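Asker: Quick one: the structure is below, and I'll ask about it shortly.
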Amino acid sequence: MTCDKKIKSKTKPCLHYNPNPDTPVGKCSAPGEFGLCIEAIKKHPLPISHSSLHKFISCRMSYYLSKIKGVTTKAHKLSDPVKMGILIDEYLNPNKKESSHEKLYPDSNSFSYRKVLATIRAIKMLEIFPTIPKPVGTQVKVEIKIDEGQVVTGVIDRLYPDHFVETKYSSSDYYTKKQFIKSQVATYFLVDEGLKYVIMEIIKPPALKSTGQFKEETADEYEERCYQAMLTKPSAFFHKYDKENKNFGVVFERSEFDFDKIIERYKQVLKEIRVATEDNAFYENEDSCLQPFECEYLPICETGWISDSLYEKRF
Ligand code: SF4
């Protein structure tokens, strides 16, 4: 199926094609359009990552909005677990040039924000992370070649010579289950045969409520209460907390994963993405709207409208 806005050009995929060094293929600049040029993608398939594979499998529409149209949720409208995860990552990787605190939480008295501050203070006080030997790198961008001309991309939280660490901020225990983390973790094991194990560090945000005697408490008081709760019982917040060694997390061994299956799946999904791009078959899958987490694009699918107050267009 050819794009109905396409105007033939001898030098470009379409007269509306706008090359861009920041995007894998150029953008569409036809009137009223945005996003990447679908005709160019047909010739130069987009790189795939564990998360884009997952998006395509769970709902093609979410893949289309994210990867082809470049629609992202504005920072302050992201869900709390996502915001908290970003800030904890920043704390653990202090090299990042600018802090995201204000962008994510313009209101510094928001109780959700104070949970993050309490968590960071607890991490410092319990001296959990500083005892970990220096990693080879943090937020390490990796590329795994799975086929001729086709790579899988990813970002590893902390990489060491013989293992890697992923830190998740989540109130669910999904990340302790092999089935849930398999796709991401097995992909990262493929980076280097010397990687023997992964540690999944799961931080549970405090779920304290401001009710009863705490109904009138201030943001400062709430933060302090969360902080004290985390210090009093670290094992309730840092999964498998080990007081003696000052660390936490679940270990999964390399031998627990089947890499052939993972590679085969990438290859198969890449073929399916190619066919979907040809046929413009990025249909919605309502089964994924609310599970396992609410989809960030739900307001778009429900209203058919991309609200400027909720979303921005990356390209
Ligand atoms: S809201 Fe539902 S249908 Fe829409 S992109 Fe998300 S998962 Fe797909």
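Values in this text are rule-based calculations from the coordinates and carry no lab data. Please read all numbers here as calculations on a predicted model, not as lab measurements. FYI the Cβ positions are ideal-geometry reconstructions off the backbone, even for glycines, and counts take in every protein chain you see.
Asker: How much of the DSSP beta bridge set in segment 75-261 is antiparallel, as a percent to the nearest 5?
Answerer: Values: 17 of 24 bridges.
If we restrict to bridges inside segment 75-261, about 70 percent are antiparallel.
Asker: How about Lys243: which aspartates and glutamates have a C-alpha closer than 16 Å to its C-alpha, ignoring those fewer than 8 places off in the same chain?
Answerer: Once the sequence-local aspartates and glutamates are set aside, what remains near Lys243 is Glu127, Glu201.
Asker: Taking 0.36 nm per residue of separation and subtracting the Cα-Cα distance, what length does fully extending Ile306 through Glu224 add? If you can, show how the numbers build up before the last one.
Answerer: Working: separation 82, 0.36 × 82 = 29.52 nm, distance 3.88 nm.
Residue separation times 0.36 nm, minus the Cα-Cα distance, leaves 25.6 nm.
Asker: Now a separate question. Take the Cα pairs of segment 75-261, get the Kirkwood Rh, then feed it into Stokes-Einstein at 20 °C and 1.002 mPa s and tell me D in µm²/s.
Answerer: Estimated via Stokes-Einstein, D reaches 120 µm²/s.
Asker: Using just the helices of the chain, give the 222 nm mean residue ellipticity in deg cm²/dmol: DSSP H runs with n ≥ 4 each add -39,500 (n - 2.57), and the total is spread over all residues, rounded to 500.
Answerer: The helix-only estimate for the chain comes to -10000 deg cm²/dmol at 222 nm.
Asker: Now, a different point. With θ set to phi - 60°, apply the Karplus curve 6.51 cos²θ - 1.76 cosθ + 1.60 along segment 191-199 and write out the HN-Hα couplings as whole Hz, x wherever there is a Gly or Pro.
Answerer: 4, 7, 5, x, 7, 9, 7, 10, 10
Asker: Relative to the first principal axis of the alpha-carbon coordinates of the chain, what is the inclination of helix 80-92, with its axis defined by its Cα atoms, in degrees from 0 to 90 and to the nearest 10?
Answerer: 70
Asker: Using only C-alpha positions, report the orientation-averaged shadow area of the convex hull of the chain, nm², one decimal. Don't skip to the answer; put the middle values down first.
Answerer: Working: hull surface 74.5 nm².
With every direction weighted equally, the projected area is 18.6 nm².
Asker: Could you sort out which of Lys6/Lys27; Lys182/Lys240; Lys77/Lys141 sit more than 18 Å apart by Cα distance in this structure?
Answerer: Beyond 18 Å: Lys182/Lys240; Lys77/Lys141.
Asker: Among DSSP beta bridges whose residues both lie in the chain, state the antiparallel percentage, nearest 5.
Answerer: If we restrict to bridges inside the chain, about 70 percent are antiparallel.
Asker: So for Tyr63, Tyr241, Tyr283, fewest C-beta neighbours within 10 Å to most, what's the order?
Answerer: Ascending Cβ contact count within 10 Å gives the list Tyr283, Tyr241, Tyr63.
Asker: Please report, in Å, the Rg and the Dmax of segment 11-77, where both are computed over Cα atoms only.
Answerer: 12.7, 41
Asker: A further question on this structure: Note the full-extension length gain between Asn109 and Ser29 as 0.36 nm times their separation in residues minus their Cα-Cα distance, in nm to one decimal.
Answerer: Difference between extended and current length: 24.7 nm.
Asker: Can you sort Thr119, Thr167, Thr23 from fewest to most other Cβ atoms within 10 Å of each residue's own Cβ?
Answerer: Ascending Cβ contact count within 10 Å gives the list Thr23, Thr167, Thr119.
Asker: Using a cut-off of 20 Å between alpha-carbon atoms, which lysines can reach Lys74, once sequence neighbours fewer than 8 places away in the same chain are excluded?
Answerer: Partners found: Lys55, Lys83, Lys96, Lys97, Lys103, Lys313.
Asker: Related question: Roughly what angle does helix 219-232 make with the longest principal axis of the chain, taking Cα atoms, 0 to 90 degrees, to the nearest 10?
Answerer: 70
Asker: Taking 7 Å along the Cα-to-C-beta vector as the label spot, tell me the Glu264-Lys233 distance in nanometres, rounded to one decimal.
Answerer: 4.5
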